[in-house]
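K.L.:
Please read through the structure below; I'll follow up with questions.
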Amino acid sequence: MVFFDTDCLAAFLWVRREYLLVQLCLGQLILPYPVFKELLRVPPLRKPVNGLLHQGYFQRMEILTGTPEARTYFELTTRGVGGLRPLGNGEAAALTLAKAHNGFVASNNFRDIGPYLSMYSLRNLPTGFILGQAHANGLITEAEGNQIWTAMLSRKRILPASTFSQYLQSTYRNDHQAFLAP
């Protein structure tokens, strides 16, 4: 199961490339309810988000009150855990649900979630890695990857390199090894 944070899914939605997430067969794609609410607040993203849900490509998942997940979510959003700083609602929901279901977190905000990923032994699928996988699987060319990357940057998405080509030459190998690590 892959639990998406707002920033990662929005990167694909803004440039109308959400179909890559479906074509990659990453596993069950989960939209935590707080992430769904955040995306609905952005009018241009409402229709594609609802489309992904209605077509069955994504499933929406809630954190139920009174559960261990609800306690974890509350701690992550209010005071942090283990001396770490609190997280936003979307990040906390993705982490909480990934922890509860032994899943993956799809987020670009490694600075904030990185310590929690280590604490909970979770793996991250950032936007760059997902695009790298699309390239490795022949879904996009490197030139198309550069176009998508540029479009994402123009939509104020934070990515780890200036171009997709630079990412492939440096960071993708590290992300790929981190993804394969237990």
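K.L.:
Out of (1) open to solvent by less than 50 Å² (accessible area, probe 1.4 Å); (2) part of a loop (DSSP other than H, G, I, E, B), what's the single condition that is false for Ala70?
P.N.:
Result: Ala70 fails condition (2) only.
K.L.:
Then there's this: Quick one: count up the residues across the range 156-172 that are closer than 13 Å to Thr127 by Cβ and either open to solvent by less than 30 Å² (accessible area, probe 1.4 Å) or assigned to a helix (DSSP H, G or I) (or both).
P.N.:
6
K.L.:
Still on this structure, please answer the following. Look through Ala98, Ala94, Ala70, Ala106 and report the one residue that is modelled with pLDDT of 95 or more, farther than 30 Å from Ser162 by Cβ and of a type in the set (Gly, Ala, Ser).
P.N.:
One residue alone meets the criteria, Ala70.
K.L.:
Gly80: open to solvent by less than 20 Å² (accessible area, probe 1.4 Å) and either modelled with pLDDT under 95 or at positive phi (or both), yes or no?
P.N.:
So Gly80 passes the test.
K.L.:
Please state which one of Thr127, Thr96 is touching a residue at least 12 places away in the same chain (Cβ under 8 Å), crowded, with 17+ Cβ neighbours inside 10 Å and farther than 27 Å from Pro44 by Cβ.
P.N.:
Thr96
K.L.:
Across the range 3-33, what is the number of residues that are part of a helix (DSSP H, G or I), open to solvent by 20 Å² or more (accessible area, probe 1.4 Å) and more than 14 Å from Ser107 (Cα to Cα)?
P.N.:
Number of matching residues: 5.
K.L.:
For the range 34-50, enumerate the residues that are open to solvent by 20 Å² or more (accessible area, probe 1.4 Å), assigned to a helix (DSSP H, G or I) and more than 19 Å from Thr96 (Cα to Cα).
P.N.:
Within the range 34-50, Leu40, Pro43, Pro44, Arg46, Lys47, Pro48, Asn50 qualify.
K.L.:
Out of Gln133, Gln59, Gln147, which single residue is loosely packed, with under 14 Cβ neighbours inside 10 Å, in contact with a helix residue (DSSP H, G or I) (Cβ under 9 Å, 6 or more places away or on another chain) and not in a loop (DSSP other than H, G, I, E, B)? So that I can check it myself, show each step before the final result.
P.N.:
Numbers: Gln133 fails: loosely packed, with under 14 Cβ neighbours inside 10 Å; Gln147 fails: loosely packed, with under 14 Cβ neighbours inside 10 Å.
From the options Gln133, Gln59, Gln147, the qualifying one is Gln59.
K.L.:
Any residue in the range 30-56 that is over 19 Å from Arg17 (Cβ atoms) and of a type outside the set (Val, Ile, Thr) sitting within a Cβ distance under 6 Å of a residue that is modelled with pLDDT under 95 and not in a strand (DSSP E or B)? List the pairs, counting only those 6 or more apart or interchain.
P.N.:
From the range 30-56, no pairs qualify.
K.L.:
Further question on the same structure: Among the numbered criteria (1) free of Cβ contacts under 8 Å to residues at least 12 places away in the same chain; (2) assigned to a helix (DSSP H, G or I); (3) closer than 20 Å to Leu20 by Cβ, which single criterion is violated by Gly138?
P.N.:
So Gly138 meets the others, but not (2).
The values are calculated or read from the model by the stated rules, or taken from the named source; none is laboratory data. Because the structure is predicted, anything quoted here is derived from the model rather than measured. All Cβ positions, even for glycine, are placed from backbone atoms using ideal geometry, and neighbour counts span all protein chains on display. For the accessible areas, the whole protein counts, side chains as well, though only heavy atoms, and no ligand, DNA or RNA atoms are used. Shrake-Rupley method; radii C 1.70, N 1.55, O 1.52, S 1.80 Å.
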